[in-house]
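The values are calculated or read from the model by the stated rules, or taken from the named source; none is laboratory data. On a predicted model such as this, the values are computed, not experimentally measured, just so you know. Ideal geometry is used to build each Cβ from the backbone, glycine not excepted, and the neighbour counts take in all protein chains shown. All accessible areas refer to the heavy atoms of the entire protein, side chains included, with ligands and DNA or RNA removed. Shrake-Rupley method; radii C 1.70, N 1.55, O 1.52, S 1.80 Å.
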Amino acid sequence: MLGFVNTRATGNGDPERLGDAHALRAWAEEAVIDLGDWVLSDADAASARDLRQALVTILLAHVDVQEPAGALAEAEQRLRQAAALHPLQPVITADGCEFISAQQGIPGMFGTIFAAIADIAQRNMWSRMKMCRNLPCHVGFFDKTRNSSGLYCSPSCSSQVTMRAYRERQKAGQGTPNTSTMKH
């Protein structure tokens, strides 16, 4: 699932990986998702980007990034609609139960993504799936902190945010004299 949300272009130079039908097939093959002989279209790639953006909005909410008003509710609605179009079937064994997609091709790929989300949620780990709060980065990551308080994908991103905030404070304070060092 994180591999899917991390297919978008970032401010760190990562390219768009679902830009067209060819790129979508290349990503699916890399992710070991069998599309068989399914003929892909640019509309399939657009649907994949739409699904991905809804997931990104949800994962940004997990780190309290405020999206425009109504964006979270819209993303949740988009995911409900997409899930209804891509049913899952349970596979029950002596070891437990897992969900798999009931479809082939692109619908099967979307179903596989929903099955991964269902598995993550069943294991009470959904809230640990997050997007890095560092604006140029915004990479999806799994929060491994003990108390699930991670906001950044790496210490490097955390440092970048800290340095930006420090520079902004310094810039804001340039016009104000520092009275603690002034001689009387």
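If a residue must be open to solvent by 30 Å² or more (accessible area, probe 1.4 Å), within 30 Å of Arg164 (Cβ to Cβ) and of a type in the set (D, E, K, R), how many such residues does the range 99-142 contain?
Here the count works out to 2.
Residue by residue through the range 85-99, note down the ones that are in contact (Cβ under 8 Å) with a residue 12 or more places away in the chain and part of a strand (DSSP E or B).
If the condition is that a residue be in contact (Cβ under 8 Å) with a residue 12 or more places away in the chain and part of a strand (DSSP E or B), then Leu88, Gln89, Glu98, Phe99 are the ones that fit.
Which numbered condition trips up Ala121, out of (1) under 13 Å from Met1 (Cβ atoms); (2) in contact (Cβ under 8 Å) with a residue 12 or more places away in the chain?
Condition not satisfied by Ala121: (2).
I'm checking my understanding of the structure. Among residues of the range 17-75 that are within 21 Å of Gln103 (Cα to Cα) and in contact with a Ser or Thr (Cβ under 7 Å, 6 or more places away or on another chain), which one is least open to solvent (accessible area, probe 1.4 Å)?
Within the range 17-75, the match that is least open to solvent (accessible area, probe 1.4 Å) is Leu18.
Please determine, by comparing only the residues of the range 3-50 that are small (Gly, Ala, Ser) and in a loop (DSSP other than H, G, I, E, B), which one is farthest from Cys132 (Cα to Cα). Quick ask: steps written out before the conclusion?
As a first pass, look at the range 3-50 and keep what is small (Gly, Ala, Ser): 3, 9, 11, 13, 19, 21, 23, 26, 28, 31, 36, 41, 43, 45-48.
Among the residues that remain, those that are also in a loop (DSSP other than H, G, I, E, B) are: 9, 11, 13, 19, 31, 36, 41.
Values: Ala9: 14, Gly11: 12, Gly13: 15, Gly19: 22, Ala31: 22, Gly36: 34, Ser41: 31 Å.
Only one residue tops the list, namely Gly36.
State yes or no: is Gln160 polar (S, T, N, Q) and not in a strand (DSSP E or B)?
yes
For the structure I just gave you, tell me whether Lys144 is assigned to a loop (DSSP other than H, G, I, E, B) and modelled with pLDDT of 95 or more.
yes
Considering only residues that are in contact with a strand residue (DSSP E or B) (Cβ under 7 Å, 6 or more places away or on another chain) and among the small types (Gly, Ala, Ser), look in the range 72-110 and name the one that is farthest from Val5 (Cα to Cα).
Among those residues, the one meeting the criterion is Ala102.
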